[in-house]
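Bear in mind these aren't lab numbers, they're just calculated from the coordinates by the rules spelled out. Owing to the predicted nature of the structure, the values given are computational and were not obtained by experimental measurement. Here the Cβ positions follow ideal geometry from the backbone for every residue, glycine too, while neighbour counts run over all protein chains shown.
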Amino acid sequence: MPGFELFGASERKHVNDVMETGILMRYGFDGPRKGIWKAKELEQAICSVFGSKYAQLVSSGTAALTTALSALGVGYGDEVIMPSFTFVASFEAVLSVGAVPVMVDVDDTLTLDPAAVRKAITPNTKCIMPVHMCGSMADLDALQAICKERKLILLEDACQSIGAQYKGKYLGTIGDAGTFSFDFVKTITCAEGGVVLTNREDVYTTSDGYSDHGHDHKGVDRGADLHPFIGYNYRISELHAAVGLAQVERLQEFLSIQRKNHAALKAILSQVPEISFRRIPDPAGDSCTFLSWFLPTHEITEAVVNELKAQNILAGNFYWFNNNWHYIRKWDHLKQSITLNALHPDLKAAVIHHANKDFSASDAIMSRCISTAMSLLWTPEQIKEKGDKIVSAVRKVLAAQKAAV
Ligand SMILES: *Cc1c(COP(=O)(O)O)cnc(C)c1O
């Protein structure tokens, strides 16, 4: 999964370019920086690699979501439909712009169930935010059709799915805007960073200003820039951008390793008829950062997780159902709306209402799902060993289950 596994000379060289000039900031200092513009260069590289018209780098994936939501005009009174299975950052960003996160069920794609989305739409719905979890995609045709019909904004949280495609287009470039995260465990990393992708000039221009205190960046003198609206500081540094530049150049290399390892592991797990796999709307577009698989029941899945733990091979296998950070079941802070700063009472009530709805349809999916993260460093022998151990743990549990009946 993560680019941090393959660090090397290229990352060092790009960082050294910045260290030579000492200009660690992405804006200004035109003379002393001697032509070194890593953030700008990375934005251009992102546009050309992913086929996005515009890219605005920021300090994290969370900042990218917040910036995109603001740039799209999402705020007070608006509802944003998002999945029950995602990273907490998705609802943090929605709350940070004063909007209501409306969690809805996921289906066997591990992403938004389009039918559940339709049911959740109200006159206050402004935006649908699919989250392309674990390297693969939501059903974008269905979601786009809903957005078109109901005149809603489509914002893709593609933070975990850099390099995945849907029908020939990169995830993140299909909606009104999309985001990637370059945090330390993502497909490509720059330690901390993120990007807003968009084909809309208005969204790019507002993202650009918003992430730098509202600077319009129209003059040559930063001090004389105008501030047409209030912004914040979500800037990326040149040092981070330098690492990102090295990593984006290696994306295809990372993806091809992931795809090879994914195919090998899937072939091994496929020997067990009781194991099924995540439904992928466009299988050719899977970035293969994870292999996500299902067992027949919640009970069997818990038993397999316990068996993997007992055999000391659970590392790298994620049982999201019991995870504190990725699934609604354990988001008690959200369910109780525990914030340090007071929310408007109406917003607080809405947050509590939506976080405490019935998610049994999601539970039925997530309680049977295990996602195995693909390492870039595995040898074919290690994959075989891992796969065989998982298969034997599953078979052991299934046999015990059968004996008990
Ligand atoms: C990682 C992640 C984010 C946030 O990215 P950071 O760079 O860590 O702030 C947002 N959404 C999803 C789905 C993520 O996995």
statement: FRET efficiency for H353 and D388 from the Cβ-Cβ distance with R0 = 56 Å, rounded to 0.05, comes out at 0.75
query: Which of the aspartates and glutamates could a cross-linker bridge to K348, judged by Cα under 20 Å and excluding same-chain residues fewer than eight apart?
result: D78, E79, E92, D332, D358
message: Students often get this wrong, so check it: of K13/K40; K13/K34; K13/K169, which have C-alpha atoms separated by over 26 Å?
response: K13/K169
- request: Treat each spin label as a single point 7 Å out from the Cα along the C-beta direction, and report the V405 to K330 distance in nm.
  value: 3.0
query: Does a label point 7 Å from the Cα of A267, set along Cα-to-beta-carbon, have any residues of the stretch 358-375 with amide nitrogen under 18 Å, and which are they?
result: 374-375
message: Could you compute the net charge surrounding L171? Neighbours are other residues with a C-beta less than 11 Å from the C-beta of L171; K and R count +1, D and E count -1.
response: -2
message: Roughly how far apart, in whole Å, are the Cα centres of the stretch 45-120 and the stretch 269-327?
response: 25
query: Where in the stretch 209-245 does the amide nitrogen come within less than 11 Å of the point 7 Å from the Cα of A191, taken along Cα to Cβ?
result: 237-244
task: Measure off 7 Å from each Cα along the Cα-to-Cβ vector at A224 and N16, then give the distance between these two points in nanometres to one decimal.
output: 3.9
field: For the stretch 252-404, with +1 on Lys and Arg beta carbons and -1 on Asp and Glu, the positive-most of S270, I280, I338 along the dipole
entry: S270
task: Return, ordered by residue number, the residues of the stretch 168-206 whose backbone nitrogen is under 11 Å from a label point located 7 Å along Cα→Cβ of V49.
output: 182, 187-190
- prompt: Given K266/K357; K53/K266; K53/K151, which pairs have Cα atoms separated by over 28 Å?
  reply: K266/K357; K53/K266
- prompt: Taking the Cα centre of the chain as the origin, how large is its charge dipole in debye, to the nearest 20, when only Lys and Arg (+1) and Asp and Glu (-1) carry charge on their Cβ atoms?
  reply: 660
message: Using the Karplus curve 6.51 cos²θ - 1.76 cosθ + 1.60 with θ = phi - 60°, what ³J(HN,Hα) values do you get for each residue of the stretch 253-265, in whole Hz, with x for Gly and Pro?
response: 5, 4, 5, 5, 5, 4, 5, 5, 5, 4, 4, 5, 5
query: Whole-Hz Karplus ³J(HN,Hα) for the stretch 293-310, in order, using 6.51 cos²θ - 1.76 cosθ + 1.60 and θ = phi - 60°, x for Gly and Pro?
result: 9, 10, 10, x, 9, 4, 4, 5, 5, 4, 5, 5, 4, 5, 5, 4, 5, 4
query: What does the charge add up to near K357, with Lys and Arg as +1, Asp and Glu as -1, over the other residues with Cβ less than 14 Å from its Cβ?
result: -2
query: How do the peptides 188-194, 115-121 rank, highest first, by the average count of neighbouring beta carbon atoms within 10 Å per residue?
result: 188-194, 115-121
